[in-house]
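Have a look at the structure below, then the notes.
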Amino acid sequence: MSATIDLTSADARPRPAAAMAAAPAASQSKRSLLGLSRHDLGLALMEAGVPEKQARMRVQQLWHWLYVRGVSDFSQMANVSRDLRSLLDDKFEIRRPEIVEEQISVDGTRKWLFRFPARGAGRPVEIETVYIPEEGRGTLCVSSQVGCTLTCTFCHTGTQRLVRNLEPGEIVGQVLTARAQLGDFPEASTPQGAIVPSEGRLVSNVVMMGMGEPLYNYDNVKSALSVVSDGDGLALSKRRITLSTSGVVPMIEKTGAEMGVMLAISLHAVTDELRDVLVPINKKYPLADLMAACRAYPGLSNARRITFEYVMLKGVNDSLADARQLVRLLQGIPAKINLIPFNPWPGSDYECSDWDQIERFAELVNQAGYASPIRTPRGRDIFAACGQLKSESERMKKGDRLALEAAVAV
Ligand code: SAH
Ligand code: SF4
């Protein structure tokens, strides 16, 4: 198994490799076109005065510029007439998030702190997005919420109260900005002809494993992933998109049926007693319900397995008895088990299991017939590893927060 990165640097945040000065984030005045479905994009154009007969063609053009060519300014849309560009510019925007900070780990992992403008009476918000380059692929870890309503005890994001849900355009904007920063869009020098290359893309996979619980922002995540997987745009196959949930049971079947993406479950414990503590949503949706929802996940097969994430916490959930119980629990589910060495954060109460113990645990699970890779911690030196993401965005007023929490709670 691959070695971990030296943990001694985890608490000392190194200086950003490239820090960009943050201009004050203005509030969003024009409607953003990012993240809209083709249908809604067409409606928006018609409302702005584009004749109905032209709308379809204009949608195609815009879609190509936004998602294949990755332009961020109407003026770059060379085959759109000057008049229409100026109309679009008056009414809409395609602005991407502001990059407040970019950090690059010694292992090549990049973490961006993105800022989105205020909406309504709210404030600008900040979230983190992480890019993990690997041999033959590159994974973008995308956030779905600012903060999280849940409070998993080993997760740094869980210490940040929910500020708000991200809009579809803000989720798609993370993918666009990351690709632009990485130089992952085709050359923009000719107006026609650029196509998404089938291989060699720097962002080849997307995981909804950043800040927040994606199934508590279901509609926006669904809209965003439908844009990200659109074959004539960003064109990431649904097999290369994984949504991770802490276990919002009533939304799991719907996720498979409507989004059709790969599913990951943050399991972390094999008894209700322990999972109630580690992943408190378990009190609402206990293990038996979670496993039943997994068994019923649409499209499940040996070729389309569910990934079970299991954070290795020393002396808490890492015994061989736990491993045996894990195997029993997953019986009959096409599954892969991703063992995640615990990534510490300032103030965390847990320790990472010893490497030998992680390997013994992995071996037992593997002997039972399940793939059980140990996830190499990436980007710990810049605080970009699993569960280390957090932003300083302040939570909303208590009344608003309670209303939002009630609205997202299923
Ligand atoms: N809220 C969703 C998506 C976040 S995914 C979910 O919980 O599934 C982030 C993954 O990293 C989850 O599996 C989470 O449980 C795990 N994680 C959180 N904190 C961690 C930490 N400190 N070390 C390792 N993994 C952690
Ligand atoms: Fe939220 Fe996931 Fe962290 Fe739990 S593990 S607090 S659900 S982000």
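The values are calculated or read from the model by the stated rules, or taken from the named source; none is laboratory data. No experiment lies behind these values; they were computed from the predicted model shown. Ideal geometry is used to build each Cβ from the backbone, glycine not excepted, and the neighbour counts take in all protein chains shown. Keep in mind that these areas ignore ligands, DNA and RNA; they rest on the heavy atoms of the full protein, side chains included. Shrake-Rupley method; radii C 1.70, N 1.55, O 1.52, S 1.80 Å.
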Q.
Of the candidates Pro214, Pro124, Pro377, which one comes out as most mobile in a Gaussian network treatment of the chain with C-alpha springs shorter than 10 Å?
A. Pro124
Q. How much FRET efficiency would the formula 1/(1 + (r/R0)^6) give for Ser72 and Arg137, where r is the Cβ-Cβ distance and R0 is 25 Å, rounded to 0.05?
A. 0.50
(Q) Can you pull out the chymotrypsin sites (Phe, Trp or Tyr not before Pro) in segment 92-167 whose DSSP state is coil and whose Cβ has at most 11 other Cβ atoms within 10 Å? (A) none
**Q.** Kirkwood Rh, Cα atoms: Rg over Rh of segment 271-400
**A.** 1.00
Q) Can you work out the FRET efficiency for the pair Asp230 and Thr376, with r the C-beta to C-beta distance and R0 = 25 Å, to the nearest 0.05? A) 0.20
Q) Of Thr177, Thr376, Thr129, which is the most mobile in a GNM of the chain whose springs link Cα atoms less than 10 angstrom apart? A) Thr376
Q | 5 angstrom amide H check on Ile340, placed H, neighbours 5+ away | A | Tyr310, Val311, Met312, Arg375
Q) For the chain, with the dipole built from +1 on Lys and Arg beta-carbon atoms and -1 on Asp and Glu ones, taken about the Cα centre, which of Ala368, Pro344, Gly49 lies farthest toward the positive end? A) Gly49
Q. Suppose R0 equals 56 Å; then what is the FRET efficiency for Lys336 and Lys53 from their Cβ-Cβ distance, rounded to the nearest 0.05?
A. 0.65
Q. Put a dot 7 Å past each Cα toward the Cβ at Asp90 and Lys254; how far apart are the dots in nm?
A. 4.0 nm
Q: Just the number, please: Stokes-Einstein D of segment 63-163 in µm²/s, Kirkwood Rh from C-alpha pairs, 25 °C, 0.890 mPa s.
A: 148 µm²/s
Q: Enter the accessible area per residue of the chain (Å², integer; probe 1.4 Å; all protein chains in place).
A: 43 Å²
Q. Can you give the accessible area of Trp355, probe radius 1.4 Å, in Å² rounded to 10?
A. 70 Å²
Q. How are the Cα pair distances of segment 106-170 distributed, in percent, across 10 Å bins from 0?
A. 18, 43, 30, 8, 0
**Q.** Loop-exposed GluC sites (Glu not before Pro) per DSSP, neighbour cap 15 Cβ within 10 angstrom, longest uninterrupted part of the chain
**A.** 200-350
(Q) For segment 33-93, place one equal point scatterer on every Cα, skip the solvent, and apply the Debye formula. What is log10 of I(q)/I(0) at q = 0.14, 0.20, 0.21 Å⁻¹? (A) -0.32, -0.69, -0.77
Q. In deg cm²/dmol, rounded to 500, what helix-only [θ] at 222 nm does the chain give when every DSSP H run of at least 4 residues adds -39500 (n - 2.57) and the total is split over its residues?
A. -8000 deg cm²/dmol
**Q.** Of every Cα-Cα pair in segment 128-284, the percent that sits beyond 22 Å
**A.** 43 percent
Q: Just check segment 318-369 against the gyration tensor rule for me: Cα atoms, a ≥ b ≥ c as the square roots of the eigenvalues, rounded for a/c under 1.5, and otherwise prolate or oblate depending on whether a/b exceeds b/c.
A: prolate
(Q) Assuming a strict under-17 Å limit between Cα atoms, what lysine pair count do you get for the chain once near-sequence pairs (fewer than 8 apart, same chain) are dropped? (A) 5
(Q) So if I restrict to the alpha-carbon atoms in the chain, what is the Rg, and what is Dmax, the biggest pairwise distance, in Å? (A) 21.6, 69
Q: Work out which trypsin sites (Lys or Arg not before Pro) in the chain are exposed loop sites (DSSP not H, G, I, E or B, at most 13 other Cβ within 10 Å) and give the longest gap free of them.
A: 31-396
